[in-house]
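To keep things clear, I will list the structure first and then write my remarks on it.
The values are calculated or read from the model by the stated rules, or taken from the named source; none is laboratory data. Worth saying up front: this structure is predicted, and the values here are computed from it rather than measured. Ideal geometry is used to build each Cβ from the backbone, glycine not excepted, and the neighbour counts take in all protein chains shown. Quick note on the areas: whole protein, heavy atoms, side chains included, nothing else; ligands and nucleic acids left out. Shrake-Rupley method; radii C 1.70, N 1.55, O 1.52, S 1.80 Å.
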Amino acid sequence: MVEDNLLDELIKSVREGARYKAISAELVRRVGAQELAKGRSFKEAVKATRNKLHQVGGAYQETPIPYERLLGELQTLPHEPRDPALQAFCRRVMQFHTSTNERLPVLERFFNETLAEIGPVQSILDLACGLNPLARPWIPLVEGGQYFACDIYADMVAFANAFLAHTRQDGRAEVYDLVQEVPARPVQVALALKTIPCLEQVDKEIGLRLLEGVQAGHILVSFPAHSMGGRSKGMVKNYESHFREMVSVHSWLVKRFEYPGELAFLVSK
Ligand SMILES: C[S@@+](CC[C@H](N)C(=O)[O-])C[C@H]1O[C@@H](n2cnc3c(N)ncnc32)[C@H](O)[C@@H]1O
């Protein structure tokens, strides 16, 4: 059992770094406790905690996201999600996060095709959303539908909330550590886009726990088709067999979609 004082000290040190300030304290605590329990020195544990947090979050943000400037720009734009100037802004913002950036070439198709059979959707819960709430104009959600989202970054969540409010979208984003607890909010569709491999870096068992626990009739699950360095050898095959094995204990309906950068499955419970 790691001493609480030492852990508090470690959380404080980790969060002194500019890139770690906005990360959910719960996740820093969990990762920090794992690293201290390995018998590392305090200094090594701080470094290892930061490395792990970088792998699960920071690595997707190659440059700091200029939220303040983007918020200023957002305020000058129309509120209507169909507006071309607003959509151009969304595309530009999504370039700041590797995950949404990789989806931009197929944005027009991705949600329309994967959700075609069940759309237009009434409510969405976007798990480990990154900047995906900015993809809202391309998601077939009914007028008056709800969009909920969560991630570990307080600044990203605040920005997503400002965007949802600006576009008069019902719903909200919140800071949430999915490893700690699976959200209980009931929705029609949950999005777990490129989320599972990321969470598995902290907890190997989270994949099935998340799919089973989330209160959604359908879950759109996806995996990256290549690494961040661009290598793709065997990734689709490996992620597909990992996913199939995970869901094999259930008789859920699974529909498969493959895009150049992403392998997706629509799971219907
Ligand atoms: C590969 S990105 C996917 C982002 C988004 N779903 C998409 O596909 O565009 C993984 C996301 O998971 C978030 N994340 C990592 N660990 C998390 C946790 N324990 N709870 C919630 N979100 C987490 C990261 O901040 C990052 O935004």
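Are any residues in region 201-225 touching a helix residue (DSSP H, G or I) at 6+ places or on another chain (Cβ under 6 Å) and of a type outside the set (A, V, I, L, M), and if so, which ones?
Answer for region 201-225, where residues must be touching a helix residue (DSSP H, G or I) at 6+ places or on another chain (Cβ under 6 Å) and of a type outside the set (A, V, I, L, M): Q201, G207, F223.
State which residue is farthest from the chain's Cα centre (by Cα) when the search covers only region 48-84 and only residues that are hydroxyl-bearing (S, T, Y) and within 16 Å of the ligand (Cβ to nearest atom). If you could, list the steps in order and put the result at the bottom.
Looking only at region 48-84, we keep the residues that are hydroxyl-bearing (S, T, Y), and these are 49, 60, 63, 67, 76.
Narrowing the set further to residues that are within 16 Å of the ligand (Cβ to nearest atom) leaves 49, 60, 63, 67.
Values: T49: 20, Y60: 10, T63: 18, Y67: 18 Å.
My answer is T49.
Determine the pairs where a residue that is among the charged types (D, E, K, R), located within region 106-118, has a partner that is at pLDDT 95 or above with Cβ atoms under 7 Å apart, the partner being 6 or more residues away or on another chain.
Partner pairs satisfying both residue conditions: E108/W138; E113/F257.
Would it be correct to say that V182 is modelled with pLDDT under 95 and open to solvent by 20 Å² or more (accessible area, probe 1.4 Å)?
Values: modelled with pLDDT under 95: no; open to solvent by 20 Å² or more (accessible area, probe 1.4 Å): yes.
Considered against the rule, which asks whether it is modelled with pLDDT under 95 and open to solvent by 20 Å² or more (accessible area, probe 1.4 Å), V182 comes out as no.
Here are R185, R209, R136: which of them is in contact with a strand residue (DSSP E or B) (Cβ under 8 Å, 6 or more places away or on another chain) and in a helix (DSSP H, G or I)? Show your work before the answer.
Working: R185 fails: in a helix (DSSP H, G or I); R209 fails: in contact with a strand residue (DSSP E or B) (Cβ under 8 Å, 6 or more places away or on another chain).
Step by step, each of R185, R209, R136 is checked, and only R136 is in contact with a strand residue (DSSP E or B) (Cβ under 8 Å, 6 or more places away or on another chain) and in a helix (DSSP H, G or I).
Inspect region 215-236 for any residue being part of a helix (DSSP H, G or I), of a type in the set (F, W, Y) and either at pLDDT 95 or above or more than 17 Å from the chain's Cα centre (by Cα) (or both) and give the result as yes or no.
So far as region 215-236 goes, no, none of its residues is part of a helix (DSSP H, G or I), of a type in the set (F, W, Y) and either at pLDDT 95 or above or more than 17 Å from the chain's Cα centre (by Cα) (or both).
For region 119-154, what are the residues that are among the β-branched types (V, I, T), open to solvent by less than 20 Å² (accessible area, probe 1.4 Å) and away from the ligand (no atom under 15 Å from the Cβ)?
Across region 119-154, the qualifying residue is only V121.
Within region 188-202, take every residue that is more than 8 Å from the ligand (Cβ to nearest atom) and free of Cβ contacts under 8 Å to residues at least 60 places away in the same chain and give me the one that is nearest to G171 (Cα to Cα).
I196
Scanning region 206-233 for residues that are more than 13 Å from the ligand (Cβ to nearest atom) and charged (D, E, K, R), which turns out nearest to F265 (Cα to Cα)?
So in region 206-233, the residues more than 13 Å from the ligand (Cβ to nearest atom) come out as 208, 211-213, 215-218, 229-233.
The next check asks that each one be charged (D, E, K, R); those that pass are 212, 231, 233.
On the way: E212: 15, R231: 22, K233: 20 Å.
Step by step, filter region 206-233, then rank; the result is E212.
Just to be sure, is I219 crowded, with 16+ Cβ neighbours inside 10 Å and in contact (Cβ under 8 Å) with a residue 40 or more places away in the chain?
Values: crowded, with 16+ Cβ neighbours inside 10 Å: yes; in contact (Cβ under 8 Å) with a residue 40 or more places away in the chain: yes.
Against the criterion (crowded, with 16+ Cβ neighbours inside 10 Å and in contact (Cβ under 8 Å) with a residue 40 or more places away in the chain), I219 qualifies.
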